[in-house]
Protein chains: 2
Amino acid sequence: MPVTIQDVAREAGVSVSTVSRAFTVPEMVRDETRHHVLATAERLGYRPNRAARGLITGKTGNLGVIVPDLSNPFFPNVLKGVQARAREADYAVFLADCDENATEEIALVQAMAKQVDGVILCSSRMSEAQLERIVGTTSLVLINRQVRNLPAVLMDTAGGMRQAIEHLAALGHRKVAYLSGPRVSWSNRERRRGLRRFARQGIEVVELGPFAPRFEGGSHAADLALAEGVTAIIAYNDLMALGVMSRLADRGVSVPAEMSVVGFDDIPMAGMATPPLTTVSMQNERAGRAAVDLLVSLLNVTGADAGDLRRGLECQLIVRASTAVPPDPTGR
Amino acid sequence: MPVTIQDVAREAGVSVSTVSRAFTVPEMVRDETRHHVLATAERLGYRPNRAARGLITGKTGNLGVIVPDLSNPFFPNVLKGVQARAREADYAVFLADCDENATEEIALVQAMAKQVDGVILCSSRMSEAQLERIVGTTSLVLINRQVRNLPAVLMDTAGGMRQAIEHLAALGHRKVAYLSGPRVSWSNRERRRGLRRFARQGIEVVELGPFAPRFEGGSHAADLALAEGVTAIIAYNDLMALGVMSRLADRGVSVPAEMSVVGFDDIPMAGMATPPLTTVSMQNERAGRAAVDLLVSLLNVTGADAGDLRRGLECQLIVRASTAVPPDPTGR
DNA sequence: ACGTGCTCTGCAAAGGATTGCAGAGTTTCA
DNA sequence: TGAAACTCTGCAATCCTTTGCAGAGCACGT
């Protein structure tokens with residue numbers, strides 16, 4: 001039923017080799033013949049069987065993406081970027097969700113290995129040791145994870161933290177809380193690094209947590225932050241920031257008049273909250289595209305001249321209505 | 001480098017046929033031999049090459065999913081269901097995002113066709129004619145789209161509407177607005193159907209729109225609804241409902257005291273809004289699983305005894321704090 | 001007229017797995 | 001003991017493409 005290269009060859013009156021070459025090494029077949037072949041193929045609706053091709057070339061034309069949790073609003077946009085860029089580069093993408101589980105993640109990489117040319121790991125949950133172990137199974141590109149010299153696209157989340165702190169300092173805040181996310185998370189470590197690095201002059205930072213990087217984690221953290229007497233809260237991510245705002249509202253603390261709140265990620269909801277959330281935007285979609293670019297260039301390289309294995313992405317503070325000057329301490 | 005069936009055969013001292021059968025028709029090879037083969041395979045880390053297998057069996061072991069827009073919070077959860085169930089059934093899944101574009105959607109189906117055993121179309125943007133045309137390209141299962149007798153999993157969104165209306169009626173509302181979504185959307189048509197069907201006794205419904213099924217669409221619609229003098233608003237989806245609540249807050253209309261709001265979808269944000277949104281929950285993840293089940297059973301069927309080609313999924317009203325009794329008209 | 005050098009096309013093997021068919025070996029029963 | 005009936009394993013063809021090698025055809029220079 002499906003039309004094969006043989007059908008095209010027969011119909012066009014040439015050999016299969018010629019048809020194959022018309023597609024893959026066009027300059028090797030005479031113009032006239034090529035046009036005829038391509039026209040026939042088109043007419044018959046022929047589309048090369050990638051599996052058969054892969055069998056001999058060793059390339060599948062597919063790539064894989066693994067995310068820890070699809071329902072985390074952080075990932076769909078990077079996925080979207082991966083998807084779009086992969087399609088442009090004529091790759092198809094396998095998707096898998098490892099459910100925040102490193103063991104499952106490994107299993108998925110291994111299951112994918114034979115069917116893809118490479119895998120993109122978003123915020124991998126594996127330990128460094130585990131990652132080291134599966135290197136070589138297939139080509140890997142990490143997003144937001146830094147280990148040894150593995151290819152990776154990294155968001156400058158520490159720089160984002162700098163922007164957040166500068167913003168709050170400029171508004172006049174002097175005591176700020178950071179609500180920490182999962183200790184094992186690379187992003188969280190980076191944010192803390194940014195925190196320590198940029199919070200020297202005049203700003204006191206108290207670090208709370210770790211909390212679950214979810215809405216509930218934020219509600220939980222809000223009371224603790226309040227007890228610390230800070231005038232501003234920086235949350236590990238937007239989900240937590242939203243939880244903070246919700247809890248503050250319940251307690252009658254007005255945002256931003258009495259408390260400023262900053263999140264990370266700029267998930268779609270951030271702009272819809274009341275008040276709209278000031279947050280550090282992450283360029284997730286661009287990260288997805290960059291990861292594909294990196295992977296593709298890695299695959300097309302023959303020797304060890306892989307070039308630059310790392311892409312950095314700037315973050316950008318989006319100032320909305322959840323941050324303002326702190327309340328006057330004199331109570332005027 | 002990768003270990004093939006030949007390697008296992010040589011190492012185990014049997015022919016490739018035996019190795020192959022040890023995996024695919026275990027009962028055909030003697031226990032002792034099979035154990036030995038399997039052990040050898042395990043030891044060598046052999047994993048059958050699915051592409052090669054697919055070449056001869058005609059089955060790829062893959063399936064595809066196409067969604068209109070990954071960043072729409074409705075889809076990640078159905079994707080998650082698809083993913084999980086597919087993995088259980090030992091299928092890998094290709095993902096594609098057609099960017100709300102029917103032409104692109106068709107192209108994606110065709111590109112996938114050769115590499116998958118079937119495709120799941122979530123809320124397809126194609127016209128009926130377009131859908132009819134690609135039937136036969138590969139096996140199809142639709143989610144939330146009903147056309148002719150194509151296999152589909154359909155959410156009983158009309159029933160969800162009934163629950164919403166009953167809920168509002170029971171609270172004492174007498175005049176309610178429905179904010180319509182895209183006219184071409186099957187879900188929107190179903191919701192309107194539910195509306196007309198269940199809104200007879202004692203409830204007056206005014207239908208507004210269509211609006212963009214997004215936050216902004218809701219903000220836009222809020223003022224119009226207010227002008228109609230209704231006491232409750234049912235929005236096409238949660239995104240719109242959130243937009244409505246945001247705009248109402250800006251205008252100083254308190255929810256639910258002065259206006260009740262109901263959404264559809266139960267996106268994660270719904271429960272985090274202030275007030276938490278009453279909404280019709282959709283079982284997206286289960287829909288994803290059901291679609292895979294349907295597709296798999298379709299593929300394993302030989303003749304025309306395909307059985308039931310349709311799965312229905314109940315909806316459930318989640319009552320939260322955005323709905324309450326209407327304000328007393330006498331102003332007491 | 002013939003050798004030389006091109007350009008273009010075809011033959012056939014290869015890639016990894018499945019499967020119909022046949023053969024080898026074992027058991028059963030007369 | 002020998003034929004029949006099984007059970008298990010191996011051979012070889014097949015799926016669809018790609019690609020190294022060789023051959024066909026042609027133009028050109030001598």
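Just so you know, all these numbers are worked out from the coordinates, no wet-lab data involved. In this text the structure is predicted, and so the values were computed from the model without any measurement. Cβ: placed from backbone, ideal geometry, glycine included. Neighbour counts: every protein chain shown.
Helix A:238-250 axis versus longest C-alpha principal axis of chain A: approximately 30°, rounded to the nearest ten. Expressed as an acute angle from 0 to 90° and rounded to the nearest 10, what is the orientation of the C-alpha long axis of helix A:75-88 relative to the principal long axis of chain A? That helix lies at roughly 30 degrees to the long axis.
3J(HN,Hα) couplings calculated from phi for the stretch B:52-57 with the Karplus curve 6.51 cos²θ - 1.76 cosθ + 1.60 (θ = phi - 60°) are, in sequence order, 5, 4, x, 4, 9, 7 Hz; Gly and Pro show x.
Here's the picture: charge each Lys and Arg Cβ at +1 and each Asp and Glu Cβ at -1 in the stretch A:1-126, and of A:PRO48, A:VAL78, A:SER20 the one pushed furthest to the positive end of that dipole is A:SER20. Amide hydrogen proximity for A:GLY118: with H placed 1.01 Å from N in the peptide plane, the residues at 5 or more positions away or on another chain lying under 5 Å are A:GLY64. Take A:ALA170, push a point 7 Å out from Cα through the beta-carbon direction, and compare it with the same point in every other copy: 5.3 nm, smallest first. Once the C-beta distance of B:GLN316 and A:ALA39 is scaled by a Förster radius of 51 Å, the resulting FRET efficiency is 0.35 to the nearest 0.05. For chain B, the antiparallel share of DSSP beta bridges with both residues in that region comes to about 5%.
Distances between placed amide hydrogens fall under 5 Å for A:VAL280 paired with A:GLY263, A:PHE264, A:ASP265, A:ASP266, A:ILE318, all partners being 5 or more residues away or on another chain.
In order along the stretch B:129-136, phi translates into HN-Hα couplings of 4, 5, 4, 3, 5, 8, 4, x Hz, rounded to whole numbers, per the Karplus curve 6.51 cos²θ - 1.76 cosθ + 1.60 with θ = phi - 60° and x for Gly and Pro. Phi angles of the stretch B:231-237 translate, via the Karplus equation with coefficients 6.51, -1.76, 1.60 and θ = phi - 60°, into HN-Hα couplings of 10, 8, 10, 10, 9, 4, 8 Hz per residue; Gly and Pro are given as x. Taking label points 7 Å from Cα along the Cα-to-Cβ direction, A:ARG174 and B:ARG183 give a separation of 6.2 nm. Applying the criteria of a DSSP loop state and at most 14 other Cβ atoms within 10 Å to the trypsin sites (Lys or Arg not before Pro) of the stretch A:155-241 yields A:ARG174, A:ARG183, A:ARG200. Computed from label points 7 Å out along Cα-Cβ, the spacing between B:ASP250 and A:ARG197 is 3.8 nm. For the protein assembly as shown, the tally of Lys pairs with Cα-Cα distances below 24 Å comes to 13, considering only residues 8 or more apart or on different chains. Computed on the stretch B:151-206, with alpha-carbon pairs under 8 angstrom and 6+ residues apart, the relative contact order is 50 percent.
Between A:ALA164, B:THR231, B:ASN300, the Cα set farthest toward the positive side of the dipole of the protein assembly as shown (charges on each charged residue's Cβ, about the Cα centre) is that of B:ASN300.
Pairs of Cα atoms nearer than 8 Å and 6+ residues apart set the relative contact order; for the stretch B:95-248 it is 18 percent. When both bridge partners sit in the stretch B:212-332, DSSP labels roughly 30% of those beta bridges antiparallel. Given +1 at the Cβ of Lys and Arg, -1 at the Cβ of Asp and Glu and no other charges, the dipole of the stretch A:1-155 around its Cα centre is 380 debye to the nearest 20. Spin-label model, A:ARG133/A:THR4: points 7 Å from Cα along the beta carbon direction are separated by 4.2 nm.
Placing +1 on the Cβ of every Lys and Arg and -1 on the Cβ of every Asp and Glu, with no other charges, gives chain B a dipole of roughly 440 debye about its Cα centre. List the residues of the stretch A:93-123 whose backbone N lies under 16 Å from a point placed 7 Å from the Cα of B:LEU55 along the Cα-to-Cβ direction. Only A:114-116 fall inside the zone, counting backbone N under 16 Å. With its label point put 7 Å out from Cα toward Cβ, B:GLU11 sits 4.4 nm from the same residue's point in the other copies, in order from shortest. Tilt of helix A:215-227 relative to the longest C-alpha principal axis of chain A, in degrees (0 to 90, nearest 10)? Between helix and principal axis, roughly 30 degrees.
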